[in-house]
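Here is the structure we will look at.
Derivation of every value follows stated rules applied to the coordinates shown; laboratory data play no part. Every value quoted in this text rests on a predicted model; they were computed, and no experiment measured them. Note that each Cβ is placed from the backbone with ideal geometry, even for glycine, and that neighbours are counted across all protein chains shown.
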Amino acid sequence: MSSRTIMNVYRYVQHTANRVPDDVAVLRPDSEDVTYGEIDRRARRVAAWVDSQGMAEDARIAVMLPDCAAYASVVLGIWRAGRVASPLNTRFGTDELVYTLSDLDPSALVTADAFADQTAAIHEGVDALDEASTVTAVTGGEFEETALPDRETRPAPAPVKRLDEEPAVVMYTSGTTGRPKGVVQTHRNITANVQCGITTFGYTDEDVAVAAVPMFHVGGLYGVLLPILSVGASFAILEAWDAAAWAALVEETGATLTGLIPTMMVDAVNTPEAVERDTSSLERVFYGGAPATVATLDAFEEAFDCAALLDYYGQTENTGVSVTFDEDTERRPALLGWPMDSVRARVVDFETGEDVPPGDQGELLLKGDVITPGYWNAPEKTERAFTEGWLHTGDVVRRDDDGLLYYVDRVDDIILTGGEKVAPTTVEEALQAMPGVAAVAVFGTDHERWGEAVTAAIVPADGSLTEDDVLDYWEREVELAGYEKPRRIVFREAFPRTATQKVNKVALAREVGGE
């Protein structure tokens, strides 16, 4: 038996609900707010339904819901009943959903009427799921009591004891570079992440958060929902990304914190209706999921008057945040921060696996309570991902003499051009500072002579920007090596994005093609 704390994740929110049942958990400016007591009452209803289905103790239950107050109750209810929740990426296409669910082999699906078409396709393509194993728990954006059987007769089961190492969630990666992988997250992974986040960032019951990233993502579920509910604070949910709506929600709720992907920050800066809002209540804005340039951070800070911008480095395999810095740390280009108390970190040589000295680039390896034990139903992938218990993050970083980590790029994104290695983020940093550039994405495209050409895709702030303008700016203002200069420059009105609003460079490179 584990010597560490033994606790079902559900217990943390149950404790808050017992302590402050009438306090507001979910702020809904256009509807009735949801209290802690109501969140827990609904979770008990879900647990009673799960208990009535006769599922195995290790059963997985897929959750395909929009971002709404019901998300909390459904996931908490599944945990109360001792089963494993699997949040589905609601922006997956039919093929991805069928693949994911066939791999997961769930015992049930909890969904919403908004996803009726996807649910029909799932019933047709996934052997494990049919109408009898599916419940539409959200109708018209509201938790639907009558959809759950035995409403009056079956009491909720007592919270099921779960040990540290037992799975609580199987969360699938976005699959932009291949098939989605199911990342197992244990009760200890999640509680360690939540506890460390609360103590590191000092969340209190006075905080108000705006959840702008999806609940099926670590940033939404573990970065906002669980820590906020654990301390007795409140949060509002942005149902779909819209920069103007985000700023309006911050203003209306007096939000003290929020989390954004850097592309969201670019959207907000370039949306006049967002900039006009009073967002001065923001004490902390977390950014992560992709690199953020200095130009983007500076423009956002100026436009939205937030007290602190803090990096939030993490992965699905890290159960969320694992590297950050505090409000007293000077923000510098590419800064990630210090490893949090929940992990130990190493920076190692790609060839030898030996630790590299400060200043040298290497792969970031992590070990700790927040790190997944492995991938669902994929022992070979798990074996490749770990070396003696250390997770290979696939991220290239460097560490300074003070122990601060700086991001270089993804291992797979490094461009090899004419025998030289180019980090796309370095080129993006240089070009994003150019006046007239709204957004930039750099990647490699096939080239007969150089192997790969450094390619810059640019969204201009207006239609007047030309390739000559960009090249002239590079020659005048940019002090990088000649081989880092873009060999191709293309203009786009917008970039394709993933479900979490990251630039989808795989799709963009496919669209641009090679020379």
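Step through the table entries K181/K485; K367/K421; K181/K505; K181/K502; K367/K505; K161/K381, compare each Cα-Cα distance with 23 Å, and write down the pairs that go over it.
K181/K485; K367/K421; K367/K505; K161/K381
So what is the relative contact order of the chain, in percent, for Cα pairs below 8 Å that sit 6 or more residues apart?
11
How much length would be gained if the chain were fully extended between R19 and D326, taking 0.36 nm per residue of separation minus their Cα-Cα distance, in nm to one decimal?
Fully extending the segment from R19 to D326 adds 107.5 nm.
Classify the range 177-285: rounded, prolate or oblate, from the alpha-carbon gyration tensor (a ≥ b ≥ c, eigenvalue square roots; a/c under 1.5 rounded; otherwise prolate if a/b is larger than b/c)?
Taking the square roots of the gyration eigenvalues as a ≥ b ≥ c, the range 177-285 is oblate.
Relative to the longest principal axis of the chain, what angle (0 to 90°, nearest 10) does the C-alpha long axis of helix 243-253 take?
That works out to roughly 50 degrees.
Which one is right for this structure if Rg/Rh (Cα atoms, Kirkwood Rh) is calculated from it: (i) 1.13; (ii) 1.01; (iii) 0.96?
Answer label, from the structure shown: (iii).
Under the classification rounded if a/c is under 1.5, otherwise prolate if a/b is larger than b/c and oblate if not, where does the range 414-512 fall, given a ≥ b ≥ c as square roots of the Cα gyration tensor eigenvalues?
Taking the square roots of the gyration eigenvalues as a ≥ b ≥ c, the range 414-512 is oblate.
Rounded, prolate or oblate: pick one for the range 304-393, where a ≥ b ≥ c are the square roots of the eigenvalues of its C-alpha gyration tensor, a/c under 1.5 means rounded, and failing that, prolate if a/b is larger than b/c, else oblate.
Taking the square roots of the gyration eigenvalues as a ≥ b ≥ c, the range 304-393 is oblate.
Cα axis of helix 294-304 to longest principal axis of the chain: angle in degrees, 0 to 90, nearest 10?
Value to nearest ten degrees: 60.
I'd like the FRET efficiency for E420 and S280, computed as 1/(1 + (r/R0)^6) with the beta carbon distance as r and R0 of 45 Å, rounded to 0.05.
For R0 = 45 Å, the calculated efficiency reads 0.50.
Work out the FRET efficiency for T146 and D412 from their Cβ-Cβ distance, taking R0 = 56 Å, and round it to the nearest 0.05.
Step by step, r from the Cβ atoms, then E = 0.70.
Under a point spin-label approximation (7 Å from Cα along Cα-to-Cβ), what is the T94-E479 distance to one decimal in nm?
Taking the simple label geometry, T94 and E479 are separated by 5.7 nm.
Could you order the peptides 505-513, 133-141 from most to least packed, using the average number of other C-beta atoms within 10 Å per residue?
Listed from highest to lowest mean packing, they are 133-141, 505-513.
Could you grab the relative contact order for the range 196-410? Cα pairs under 8 Å, six or more apart, rounded to a whole percent.
Here the relative contact order equals 14 percent.
Using 0.36 nm per residue, how much length does the chain from T199 to E511 gain when fully extended, once their Cα-Cα distance is taken away?
Value of the extension gain: 107.9 nm.
Just subtract the alpha-carbon distance of R492 and D462 from 0.36 nm times their residue separation and send over the number in nm, one decimal.
Answer, rounded to one decimal: 9.7 nm.
How much of the DSSP bridge set in the chain is antiparallel, in percent, rounded to the nearest 5?
The antiparallel proportion sits near 60 percent.
Through the Karplus equation 6.51 cos²θ - 1.76 cosθ + 1.60, θ set to phi - 60°, convert the phi angles of the range 422-427 into ³J(HN,Hα) values in whole Hz; use x for Gly and Pro.
Karplus-based 3J(HN,Hα) across the range 422-427 equals 10, 8, x, 4, 5, 5 Hz.
Any idea what the relative contact order of the range 10-185 is, in percent, if you count C-alpha pairs under 8 Å spaced at least 6 apart?
Value for the range 10-185: 23 percent.
Any idea what log10 I(q)/I(0) is at q = 0.10, 0.12, 0.16 Å⁻¹ for the range 196-410, Debye with uniform C-alpha scatterers and no solvent?
For the range 196-410 at q = 0.10, 0.12, 0.16 Å⁻¹, log10 I(q)/I(0) is -0.45, -0.64, -1.08.
Roughly what angle does helix 94-104 make with the longest principal axis of the chain, taking Cα atoms, 0 to 90 degrees, to the nearest 10?
The answer is roughly 60 degrees.
Roughly how far apart, in whole Å, are the Cα centres of the range 424-481 and the range 277-331?
24
Please list, in chain and number order, the residues 5+ apart from R410 or on another chain whose amide H is under 5 Å from its amide H, with Hs placed from the backbone.
Those qualifying (amide H under 5 Å, at least 5 residues apart or on another chain) are V396.
Determine, for I489, I78, I198, the number of other Cβ atoms within 10 Å of each Cβ, and report the residues in order from fewest to most.
With the sparsest Cβ surroundings first, the list reads I198, I489, I78.
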